[in-house]
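*Asks:* Have a look at this one before I ask anything.
Read-outs throughout are calculated quantities, based only on the coordinates presented, and are distinct from any laboratory measurement. Please read all numbers here as calculations on a predicted model, not as lab measurements. Backbone-built Cβ (ideal geometry, glycine too); neighbour counts: all protein chains shown.
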Amino acid sequence: MRLCLTRECCVDEDEVSRVLNRVSPVLLAVSRSKLREDVSRDVEASRNALVKVLGGARALRSRVKNLKSLREVDDVETIVNTFVNTLNRVVEVRNLLQRMKEVAEDSGEQELAQRIREAMAYLSALAIEFSAVALRAIHELKELGRDDCGKLASAIGTAIFAALLDADTEVVRQALAKCFPGAP
């Protein structure tokens, strides 16, 4: 079972892998640039968080792969925590990339800064898609406790806020159109 809001707005392991395949080369470029000493910790933290993002997508897939609906999920807290942790990691990487971009700009590395900005936009688009699907999933889950609601509110709110900082990019605007389509 793929988790989808609309036919175009879905999150799964393949979608996450596509985004990571756009971000990883940028992290490699940063680690090989003259900025490497200034941002090495951020690069390493980003790589570790990206592994957890992919792990979150895999965990969701394994928890829902044989289900017809999320209503069949008995362990709601696990699904909620997976959404929350994955969204938090996406935002973490986006924020780390933002710092790397600022260092690149300050160092006169405009081309590298632009590549980082593009990677940030793809992460922001992923955050929008994951947030939209998480919002859709809420009504299908059997029961949500107040703590679950608070965790989801915080993670989704933070992810959408961070993503909207890149709403001037085409990839984010496309994600918004896919996940929050307007009236015809």
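*Asks:* Is there a quick way to get the dipole size of the chain? I mean about its Cα centre, with the Cβ of Lys and Arg at +1 and of Asp and Glu at -1; what is the value in debye to the nearest 20? Write out the running numbers ahead of the final one.
*Replies:* Numbers: 28 positive and 28 negative charges, 90 e Å.
The calculated dipole for the chain is roughly 440 debye.
*Asks:* Turning to a different aspect of this structure: Mind listing the phi-derived Karplus ³J(HN,Hα) values for the range 28-40, rounded to whole Hz, using 6.51, -1.76 and 1.60 with θ = phi - 60°, and x for any glycine or proline?
*Replies:* Running phi through 6.51 cos²θ - 1.76 cosθ + 1.60 with θ = phi - 60° gives 5, 4, 5, 5, 9, 7, 5, 7, 3, 5, 6, 10, 4 Hz.
*Asks:* Bin all alpha-carbon pair distances of the range 1-113 at 5 Å intervals from 0 and give each bin's fraction as a whole percent.
*Replies:* 2, 11, 19, 19, 15, 11, 9, 7, 4, 2, 0
*Asks:* I've got another one for you. Quick one: which residues, 5+ away or cross-chain, put their amide H under 5 Å from the amide H of Glu140? H built at 1.01 Å from N.
*Replies:* Here the answer is none, since no amide H 5 or more places off falls under 5 Å of that of Glu140.
*Asks:* Cross-link list Lys101/Lys178; Lys142/Lys178; Lys52/Lys151: which exceed 24 angstrom alpha carbon to alpha carbon? Let's see the in-between values first.
*Replies:* Numbers: Lys101/Lys178 27 Å; Lys142/Lys178 27 Å; Lys52/Lys151 18 Å.
From Lys101/Lys178; Lys142/Lys178; Lys52/Lys151, over 24 Å: Lys101/Lys178; Lys142/Lys178.
*Asks:* Amide H of Leu3: which non-local residues (sequence gap of 5 or more, or other chain) have their own amide H closer than 5 Å, using H built in the peptide plane?
*Replies:* Amide H to amide H, under 5 Å and 5 or more residues apart or across chains, Leu3 pairs with Val11.
*Asks:* Could you calculate the contour length gain from Ser62 to Asp106, that is, 0.36 nm times the residue separation minus the distance between their Cα atoms, to one decimal place in nm?
*Replies:* Values: separation 44, 0.36 × 44 = 15.84 nm, distance 4.33 nm.
So the chain would gain 11.5 nm between Ser62 and Asp106.
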